[in-house]
1. Would a scan of region B:156-171 turn up a residue that is free of Cβ contacts under 8 Å to residues at least 24 places away in the same chain, more than 8 Å from chain A (Cβ to nearest Cβ), within 27 Å of B:His96 (Cα to Cα) and polar (S, T, N, Q)?
2. Mind checking whether some residue in region A:480-498 is at pLDDT 85 or above and among the charged types (D, E, K, R)?
3. How many of the residues making up region B:39-66 are assigned to a loop (DSSP other than H, G, I, E, B) and within 12 Å of chain A (Cβ to nearest Cβ)?
4. Only residues that are free of Cβ contacts under 8 Å to residues at least 40 places away in the same chain and among the basic types (Lys, Arg): list them for region B:100-125, please.
5. Which of the helices (runs of 4 or more DSSP H) found entirely inside region A:95-184 contain at least 1 residues meeting this: within 20 Å of A:Arg448 (Cβ to Cβ)?
6. Would you check which residues across region A:515-526 are within 7 Å of another protein chain (Cβ to nearest Cβ) and either within 32 Å of the chain's Cα centre (by Cα) or surrounded by fewer than 22 Cβ atoms within 10 Å (Cβ to Cβ) (or both) and list them?
7. Scan region B:83-97 and tell me whether some residue there is surrounded by fewer than 19 Cβ atoms within 10 Å (Cβ to Cβ), at pLDDT below 80 and within 26 Å of B:Glu199 (Cα to Cα).
8. Suppose we keep only residues that are surrounded by fewer than 24 Cβ atoms within 10 Å (Cβ to Cβ) and of a type in the set (S, T, N, Q) within region A:179-234. Which one would you say is modelled with the lowest pLDDT?
Amino acid sequence: RVLSGTGYGGIHPIFLERGLLLLVMLIFLEGTALTLGAASSPDISAQDNTGGHEHLDDHQGIAGSNDRTNYTYTKKAFPVLSLDYHHIQVPFEISLWVLLASLMKLGFHLIPRLSSIVPESCLLIVVGLLVGGLIKLAGEEVPPVLDSNLFFLCLLPPIILDAGYFLPIRPFMENIGTILMFAVVGTLWNAFFVGGLLYAVCQIEGTYLSQVELLPCLLFGSIISAVDPVAVLAVFEEIHINELLHILVFGESLLNDAVTVVLYHLFEEYSGAGEVTPMDVVLGVICFLIVSLGGIAVGAIYGILAAFTSRFTSHTRVIEPLFMFVYSYMAYLSAEMFHLSGIMALIACGAVMRPYVEANISHKSHTTVKYFLKMWSSVSETLIFIFLGVATVAGPHAWNWTFVSVTVILCLVSRVIGVVGLTFIINKFRIVKLTTKDQFIVAYGGLRGAIAFSLGYLLDKDLFPMRTMFLTAIITEIFFTVFVQGMTIKPLVDLLAVKKKQEAKRSINEEIHTQFLDHLLTGIEDICGHYGHHHWKDKLNRFNKKYIKKCLIAGERYKEPQLIAFYHKMEFKQAIELVESGGGVKLPSAVPSQVSMQNIQPKKLPPPVAERALPQFTKGREEEIRKILRSNLQKTRQRLRSYNRHTLVADPFEDGWNDFLLKKQRLIELEKKMSNYLTVPGAIPDSPTMCRARLASDPNAFYNIKASSDGVPTIQVDLASPQSPDSVNMLNEFSKEGATGQSLGQREGATGLGQREGADRDEDQGLMMKPAGKGEKGEGGNKNPGLMRCLSDPGPSNEDEEDEPFLP
Amino acid sequence: MGALQSLPDEPEYRDLSEKTGFSFEQIGILHKRFKQLSHNEDTLRRDDLNTIPDLSCNPIRTQIIEAFFDKRNFHQNGEGTVQEISFEEFLVVMSHFRPPALDMTEEQREIIRREKLRFLFNMHDTDNDGTITLEEYRHVVEELLSRSGALGKETAKGIADAAMLEVASISMGHMEPDEFYEGITFEHFLKILKDIEIETRMNIRFLNMDTTNLCKKINSQQDHYLQVNGEQKIA
């Protein structure tokens, strides 16, 4: 039963409309049944009424229980179809919400014009308002969706983990002083400024707020003053601001969590007790240190554990990503358990584990991790904004014009004063000063969000009689920042011509020079004889390399310097692109297409003698091809043979596949290089296997063969011969192709006639007149797709090939 | 120690300050360091820099030291290398690493940018022919990776090749197979590094105040090291 319930939820996304229709029909049907059933058993319906919180649910619940009661009391036919909504209610409703969120996300991207004007967060809040309104219209009580528990334990962690894992460490660490200043001092200032002035305003006669005390005001100030990472992320990701500003605002929003947590607990504690002594202030400071550093420590410990675990997962690749998620979540929960800053723990965990985990886990697992993080965080974010809308409709509101408007104004004013004042101090210490524009964006980007709301929601009704008014003010402030500031920040950024982020991906030259600069600056600092932050960074790096990496990274990879790792990554990406683009028709964009190796190789390099170079190269390449073919065959075999619950593809070949791609890439480069050395026409760098492979898959390539050198050893790859039993398992087409290729090869190999014929034909086409270099180039373009198609894709090219005989 | 003798009352400091843009205090601190490195001589030799213990594990140590003895970095249109440098030249080289001022016009920014990049370019272009050839570039990458053991050398070549290909394609566009890209000129160098905000990155914090305590500790350490090194040499 449980399975059928969840199954229904799972199928649902695909047949949304039909599913909804079905649901409505069912409800209708059951609704008619209800009128009968309700009359007979009113006691049960009353009992059920307490359980569900939606109108529809009640109906179904009653109907379901009616079925049962009917069944027990009066002997009826066995119910072929029964409905038990209660059974699945909770997961079903969760799925519905998630579905709604995802569909909304999908919908906004279908209307590009809308999302270019209004930020997604605003649209989502509007959707939430609409949904809440609909529920209310249906005469039901709106469910308390933005429950603090739900928010802090389920919705927030994915977003923060995503932020922490993909945190740009370098700019973050370079600006850590500024970020901390904004996050700690700025938030404190905001909290006390807003709280204090609010209290002052409340004391003014005629506002009817004189019952508000100082401590609740300060508590409110501390809740409202924290910049919210969710809102900041949502808006800043759309405006593509430059890295410095992004990290300043975003880093502040992450790190101010500790301040908020401490202030919140402090004020909550004392608003019951009353007096605050200087001792409490000292305790508060200590508490702040413990909360923030403790959070970081917890996160770092779990991060190291995760990294250490990932060292040993090479045999269970499938659950690799899970370790990371679970460890991070546990870091968050452990920190929350001690009321430490969970956000900081998550950030620390993500940032600590990333470099090591990335080196350990397989490429696929890494992709999985990336996708899962992005998926979870984007769904959470969507849900949070929708829930904000729903909660706005749901909550009881106590609107007080003075309080709300004063809150909004004070927040703006304190933010501006705080940022300007702090920048004035910070700029004295910064090498790169913050300009007025920067200050404006930092001040204007201080958006408030759902964290503030959830904290307000947590407040005790009995202790804080003004809770409703606080919540209303918080919601108004959130709406103000998200709608007004969020919508205007993009035009303002354009108007002020604030520097935007460069979208271009990192080039290898930049990477080289980044490294070079690091070492250079460290060196200069050493010569100057004072220990600046480059010096310490260098020390840390060396320590990391020497000890930590050795412990946490499996195999030999810990020795790999960053530059080499970057190079490998780039190479790997190119290999993937190469395969995806359907073969080596053109080299992918990172290594440029129009310039080949020969353009930068010094010409004076004496070209090796063609006769001697050729066999050598060919032999090496043959080995490669042989390996490629072999591994590929095995791959096909593996794929067809087994379905394994615990592995995606057969494990040993998963890594082999990467090697294969790299080899492929090298092969192509090798060919390019070869074309340099081969000046003798007629001596083509084409092994018979290649010819055959090409012939088999691409008849057009036939014309490109000019001649074959006799000294080249041939290899026989018997794809369909009885010696290789795997061929039985292979796809039909593939064996067919193999058979044709092989038969051709045999013919060629046996008589050598085929090749000569090929040469003849070439002459007929008049292709011999081509200069060698060009011929090579054209071939390089042509042969790779042929090889690729033959190797990787047994399918599509076979059809037309079947009816075209290439040997008369 | 030394706070008095480095006070900016010496008239030559004013000259230097105008020339290099350092403040008097900074010049004072750097001068002290210079004296310390050169063992109270007026000029600094390569060996003096070679023996700085912190520098010994820097993979590009030789390039950094060479840069101090490269006439191109002295703002005097000279070429070639020298054997020893005076304090003024030391300061001029150091001034390449000064942080930019808060409010610069676009032109000033561009000038500073070019200056800093020129310094880098000169470090790569060892034979001073105006281009970084493939050989030179390979050398740079090899040096960068020289701390990573055996696997560095081959990969370094590959990386340099890939980087060179990238430069060629960015700066030349399409090339015929028989064309030859000689190397990176300074204009191309500017182009490929346009995304690195060099003017905000290639600078270090020069101390304004004499952090005597710290310096003492470091100095004593340094002296100890120098002594040890000297003794070893003598032995």
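The values are calculated or read from the model by the stated rules, or taken from the named source; none is laboratory data. Just so you know, these numbers come straight off a predicted model, no measurement behind them. Note: ideal-geometry Cβ built from the backbone for every residue, glycine included; neighbour counts use all protein chains shown.
1. As a first pass, look at region B:156-171 and keep what is free of Cβ contacts under 8 Å to residues at least 24 places away in the same chain: B:156-159, B:162, B:165, B:168-171.
Now narrow it down to the ones that are more than 8 Å from chain A (Cβ to nearest Cβ): B:156-157, B:171.
Then drop every residue that is not within 27 Å of B:His96 (Cα to Cα), which leaves B:171.
Right, trim to polar (S, T, N, Q) and you get B:171.
Yes, because at least one residue in region B:156-171 is free of Cβ contacts under 8 Å to residues at least 24 places away in the same chain, more than 8 Å from chain A (Cβ to nearest Cβ), within 27 Å of B:His96 (Cα to Cα) and polar (S, T, N, Q).
2. Pass one, region A:480-498, residues at pLDDT 85 or above: A:480-496.
From what is left, the residues that are among the charged types (D, E, K, R) are A:490, A:494.
Among the residues of region A:480-498, at least one is at pLDDT 85 or above and among the charged types (D, E, K, R), which makes the answer yes.
3. Step one: filter region B:39-66 for residues assigned to a loop (DSSP other than H, G, I, E, B), giving B:39-42, B:51-52, B:58-60.
With within 12 Å of chain A (Cβ to nearest Cβ) added as a condition, the list becomes B:51-52, B:58-60.
Looking only at that region, the number is 5.
4. none
5. On the way: elements: A:112-117, A:120-137, A:156-165, A:169-174, A:176-180.
The helices (runs of 4 or more DSSP H) meeting that bar are A:120-137, A:156-165, A:176-180.
6. Step one: of region A:515-526, the residues within 7 Å of another protein chain (Cβ to nearest Cβ) are A:515-517, A:519-526.
The answer is A:Gln515, A:Phe516, A:Leu517, A:His519.
7. no
8. Looking at the filtered set, the residue picked out is A:Thr207.
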